[in-house]
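What follows is a short report on a single structure.
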Amino acid sequence: MQGYLKVVPFVILVLAGCGQQPELIPDAVPVQQEDTVFVTIPGGTFVNSAGETVEVQSFQLQKNEVSNRLFRYLADRAVLSHPADPGFPGMDGYFYEFPDYPVVNISPGTAETAASVLGARLPTRNEWEYAASIGLSGSIAGQYPWGDLSPAEVPGVPANYMALDDWQQRDLDGFLYTAPCGSYPLSNAGLADMAGNVSEIVYCSSDSVMYVTGGSWAQVEEAMTLGFYRNIGYGDIDWYTGYRMAR
């Protein structure tokens with residue numbers, strides 16, 4: 001879907017506690033066309049990072065990770081709570097004041113519910129790997145998902161991650177924490193940030209387990225490779241995990 005979703009601005013008052021003044025929540029920012037672009041991934045057969053030959057049906061995958069702006073639209077219509085602030089220094093009010101940045105502190109259950117507003121869902125682990133591996137040759141395990149990218153602005157830093165695997169130098173890619181969605185060159189499939197920025201929630205249909213993959217701003221280079229996963233509970237959140245939608 002490449003549509004424009006109109007959001008009517010509104011103000012929310014949150015009571016901070018008995019006898020305290022209500023907290024003023026900023027007006028919602030209208031969703032942009034780029035927020036809801038989906039890329040069609042043709043079906044096919046591939047060998048996943050576990051060495052299994054898998055057939056994937058044609059599907060659509062969101063071009064960008066879900067932004068704060070889009071998630072607010074979805075959450076307000078699904079009557080979901082807004083995510084907790086991650087506490088990034090210098091980025092106070094992250095969810096409200098940085099609409100172009102990827103949403104974080106979202107659990108798999110919340111992500112699923114929010115996606116359903118657009119008739120979408122979370123991608124499966126094999127769908128995500130298949131889309132991420134388009135353009136790669138040979139065994140995909142241990143490879144990076146971007147394929148042939150344009151030269152990075154900083155040599156050797158083609159995504160938003162813990163640059164040089166050093167926490168103190170993680171801003172060599174230009175960002176101490178998350179980056180605006182789509183800040184780096186697209187993959188061969190036309191997808192943004194399949195490596196780095198925020199880790200993405202995927203669903204493994206074979207064993208009904210949720211994983212996160214793709215690496216993030218807070219993780220080392222290895223975490224961006226295909227085949228690198230960690231489990232996440234259905235209600236768990238953290239400050240470096242977000243998601244993108246499929247349908």
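The values are calculated or read from the model by the stated rules, or taken from the named source; none is laboratory data. This is a predicted model, so every value here is computed, not measured. Positions of Cβ are generated from backbone atoms using ideal geometry, with glycine treated the same way; all protein chains shown enter the neighbour counts.
Okay, here's what the table says:
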quantity: Residues (assigned to a strand (DSSP E or B) and free of Cβ contacts under 8 Å to residues at least 24 places away in the same chain) located in region 23-82; calculated: Glu23, Leu24, Thr40, Thr45, Thr53, Glu55
quantity: Count - residues of region 201-242 that are of a type in the set (Val, Ile, Thr), assigned to a strand (DSSP E or B) and more than 17 Å from Thr178 (Cβ to Cβ); calculated: 2
quantity: Every residue from region 83-97 that is part of a helix (DSSP H, G or I) and without any contact (Cβ under 8 Å) to a residue 24 or more places away in the chain; calculated: none
quantity: Filter pass, Asp100 being in a loop (DSSP other than H, G, I, E, B) and within 17 Å of the chain's Cα centre (by Cα); calculated: yes
quantity: Region 168-184 residues that are over 26 Å from Asp35 (Cβ atoms), paired with ones that are surrounded by fewer than 19 Cβ atoms within 10 Å (Cβ to Cβ) (beta carbon under 7 Å, 6 or more apart); calculated: Arg170/Leu176; Leu172/Val154; Leu172/Leu164
quantity: Residue among Phe59, Phe38 that is among the aromatic types (Phe, Trp, Tyr), buried (at least 18 other Cβ atoms within 10 Å of the Cβ) and closer than 11 Å to Tyr130 by Cβ; calculated: Phe59
quantity: Test: residue in region 73-83 that is on the phi > 0 side of the Ramachandran plot and not charged (D, E, K, R); calculated: yes
quantity: Top-ranked residue in region 115-174 [being surrounded by 22 or more Cβ atoms within 10 Å (Cβ to Cβ) and over 19 Å from Val212 (Cα atoms); ranked as modelled with the highest pLDDT]; calculated: Asp173
quantity: Tally, over region 113-131, of residues that are under 13 Å from the mean Cα position of the chain (by Cα) and in a helix (DSSP H, G or I); calculated: 2
quantity: Checklist (1) touching a strand residue (DSSP E or B) at 6+ places or on another chain (Cβ under 9 Å); (2) surrounded by fewer than 17 Cβ atoms within 10 Å (Cβ to Cβ); (3) closer than 19 Å to Val202 by Cβ applied to Gly51, failing item; calculated: (1)
